[in-house]
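For reference, the structure discussed in these notes is given below.
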Amino acid sequence: MGRFFLKGAMSLILPLCLLLAWMHLAGAIDNPMVLPPLRDVFSQFLHPGKSVIGLGSLFQNVAVSLVRVTAGYFVAVLIALPLGILMGASSRAHGLFQGLIGLLRPVPPIAWVPLVLSWFGMTSFATLVGLRSGPHYVYLSNFKMSMLFIIFLGAFFPVVTSAVHAVQSVPRTYVDSARVLGARRRDLFWKVLLPGAAPTLVNGLRIGMGSAWTSLVSAEMLPGSISGVGYLITHAYELARIDLVMTGMMSIGVIGAFLDMVFRLFGEERFAWQHQVK
Amino acid sequence: MGQVLAVRNLNKAFLSEKGTSVDALQDIDLVVDENEFVCLLGPSGCGKSTLLRIVAGLEHPSSGSVVYRGEAIEGPGRERGMVFQEYSLFPWRTILDNIGLGLEFSGISAEKRRRRSEEYLALVGLERFGSAYPHELSGGMRQRAAIARALANNPDLLLMDEPFGALDAYTRILLQQELLRIWQERRKTILFVTHGVDEAVFLADRIVLMSSSPGRICRTFSVDMDRPRKRKDPRFGQLTDTILEELNAETLAGGESFSPV
Ligand SMILES: Nc1ncnc2c1ncn2[C@@H]1O[C@H](COP(=O)(O)OP(=O)(O)OP(=O)(O)O)[C@@H](O)[C@H]1O
Ligand SMILES: [Mg+2]
């Protein structure tokens, strides 16, 4: 427990140094367009419920972004995880999908924007449930299919690639020893490949989550977006509110780092065995 | 006495990365009788693991026949257990759950499985470590657990691929004695791979000497000493010397020299 806190404290040293440097530099430069004062940015965090530049509160925008990322990520994992595991376990499935995935993976999500817009237009959760007006409509129309698709793309490829790798790197001796002990194909999959791959699979999920947040800002730059942290950043920039831009950046950073930590702690707690295997 | 295993005219070639074919085993003839303890002895790369993997059913021969109790071997089977050269315990399972693995695959109930696993845990002297994970055990303890895992499945023929190779000399001698005790108590047939001449002379009824490139059987020695064998017995030293000379003569071309252990 003591070591845990020590490690936590260690990882806070450099962010704190950065804040200190910021404070001093902002005073020295004295130009909010270049570097706004720290307190301007932090006062946004102190009043997360206050409406900013006509976009609703910081809290609302963060919440909208969080739902978008979660939804896009969830769908991506739902497809990428089984597909990656299948490809890792079966060389036939690998042969079938590998080429397509290899071709699509290098294309950055933002390059998809024009296509995605013409495919999905303004379709949102509201359209899906058949709402055209009312307070629920306003809320649900925030979640456009186009945005979710961009986030989906961001998360999909890291998850599928690392799932393939996770299953393929289960030592062959584990599979062989199970076969000699009488394992059937079903046993090999559920009792050898899956548990053997689990730590790397969870690590892939973690990388995918980070990647989903990275594509959030691209997604929220799409036309029709009127909320979310990504949109807040773009819009604040147009209004020359660099302090708000930084507030948005820091929100994404903090939430991303927090989720990453949750994944890591889960992995470390659940898969303590993997560190000791040569 | 019945034949447990009969290998006839076995050849095995692997396709290398470059596409050329490598002869791992050539013209192997080997018979193992009921309750016999046979050691395969030979330099690194002579195909000992390959031969064992073929008998286990994990690899297919290029030509020749491999027959277990009158039936050609098509794939792995419970009656042929194997202890691997590499680390093979599942690190995500406790020792007890590792030992119960084979029983789990054959659908035996959890309660019965636990009792059987505990019995084999005790057989290899690991009673106190049932709920530990493999990484919490020493190398020698892990090897005991791997042996218990193979035994718990109650195989008739036990294939062991340098199971004590990575252990220190003292632990190795200890485990050799325990293995002989288990072999005698449980009436198993054992095919045991080693590159230690001393180990082979201590354990085997019969020592099958192999030479490399291509892997072939070059000589067979019967060991007619009563057990427990004493290493200071002059016959022990004599046989060890004879085998070492033979091995050195065989590997002289390869420039490899053999040490007794
Ligand atoms: N899957 C494989 N593909 C290609 N070549 C192989 C394969 N397995 C073994 N070989 C080759 O077959 C030969 C025999 O290998 P094997 O592992 O059986 O030797 P060994 O006697 O067990 O050696 P050691 O004592 O080092 O374990 C070697 O030349 C090796 O390179
Ligand atoms: Mg070997």
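The values are calculated or read from the model by the stated rules, or taken from the named source; none is laboratory data. Just so we're clear, the structure is a prediction, and the values are computed from it rather than from any experiment. For neighbour counting, all protein chains shown are included, and Cβ atoms are generated from backbone atoms with ideal geometry for every residue, glycine included. For accessibility, only protein heavy atoms count, side chains too; no ligands or nucleic acids. Shrake-Rupley method; radii C 1.70, N 1.55, O 1.52, S 1.80 Å.
Tally the residues that are farther than 12 Å from B:Asn153 by Cβ, more than 10 Å from every other protein chain (Cβ to nearest Cβ) and within 23 Å of the chain's Cα centre (by Cα), restricting the search to segment B:98-136. Number of matching residues: 7. Only one entry in A:Ala197, A:Ala219, A:Ala166, A:Ala236 is open to solvent by less than 10 Å² (accessible area, probe 1.4 Å) and either within 18 Å of the chain's Cα centre (by Cα) or of a type in the set (Ser, Thr, Tyr) (or both), namely A:Ala219. Given the criteria in the same structural domain as A:Gly121 (by TED's automatic domain parsing) and open to solvent by less than 20 Å² (accessible area, probe 1.4 Å), does A:Ser227 qualify? Yes, satisfied. With respect to the conditions (1) more than 16 Å from ligand 2 (Cβ to nearest atom); (2) under 27 Å from B:Ala6 (Cβ atoms), B:Ala200 lacks only one, and its number is (1).
Given the structure, is A:Phe263 open to solvent by less than 50 Å² (accessible area, probe 1.4 Å) and within 14 Å of chain B (Cβ to nearest Cβ)? Quick ask: steps written out before the conclusion?
Values: open to solvent by less than 50 Å² (accessible area, probe 1.4 Å): yes; within 14 Å of chain B (Cβ to nearest Cβ): no.
Answer is no for this residue.
What single numbered condition from (1) open to solvent by less than 60 Å² (accessible area, probe 1.4 Å); (2) modelled with pLDDT of 90 or more fails to hold for A:Leu18? The number of the failed condition is (1). When B:Thr194 is tested against the conditions (1) within 22 Å of B:Ile28 (Cα to Cα); (2) touching a Pro at 6+ places or on another chain (Cβ under 7 Å), the lone failure is (2). Within segment B:72-97, the set of residues being under 29 Å from A:Gln274 (Cβ atoms) and more than 20 Å from the chain's Cα centre (by Cα) comprises B:Pro91, B:Trp92, B:Arg93, B:Thr94, B:Ile95, B:Leu96, B:Asp97.
The set of residues in segment A:110-128 that are exposed (fewer than 15 other Cβ atoms within 10 Å of the Cβ) and of a type in the set (Gly, Ala, Ser) comprises A:Ala111, A:Ser118, A:Gly121. For segment B:16-38: of the residues being near ligand 1 (Cβ under 7 Å from one of its atoms) and in a strand (DSSP E or B), which is most open to solvent (accessible area, probe 1.4 Å)? Here the answer is B:Val22. Only one of the listed residues (A:Ser91, A:Ser57, A:Ser51, A:Ser65) is more than 20 Å from the chain's Cα centre (by Cα) and under 30 Å from A:Gly204 (Cα atoms). That residue is A:Ser91. Filter segment B:39-76 down to the residues that are part of a strand (DSSP E or B) and more than 16 Å from ligand 2 (Cβ to nearest atom), then identify the one that is nearest to the other protein chains (Cβ to nearest Cβ). Result: B:Tyr68. Of the residues making up segment B:202-226, those that are modelled with pLDDT under 90 and surrounded by fewer than 18 Cβ atoms within 10 Å (Cβ to Cβ) number 2.
Residues in segment A:34-49 include at least one that is among the aliphatic types (A, V, I, L, M), open to solvent by 80 Å² or more (accessible area, probe 1.4 Å) and over 29 Å from A:Ala197 (Cβ atoms).
Counting only helices (runs of 4 or more DSSP H) that fall entirely inside segment A:109-203 and contain at least 3 residues that are of a type outside the set (S, T, N, Q), closer than 24 Å to A:His94 by Cα and away from every other protein chain (no Cβ under 14 Å), the qualifying elements are A:145-168.
Do we have any residue at all in segment B:24-31 that's more than 16 Å from ligand 2 (Cβ to nearest atom) and within 14 Å of chain A (Cβ to nearest Cβ)? Checking segment B:24-31: not a single residue is more than 16 Å from ligand 2 (Cβ to nearest atom) and within 14 Å of chain A (Cβ to nearest Cβ).
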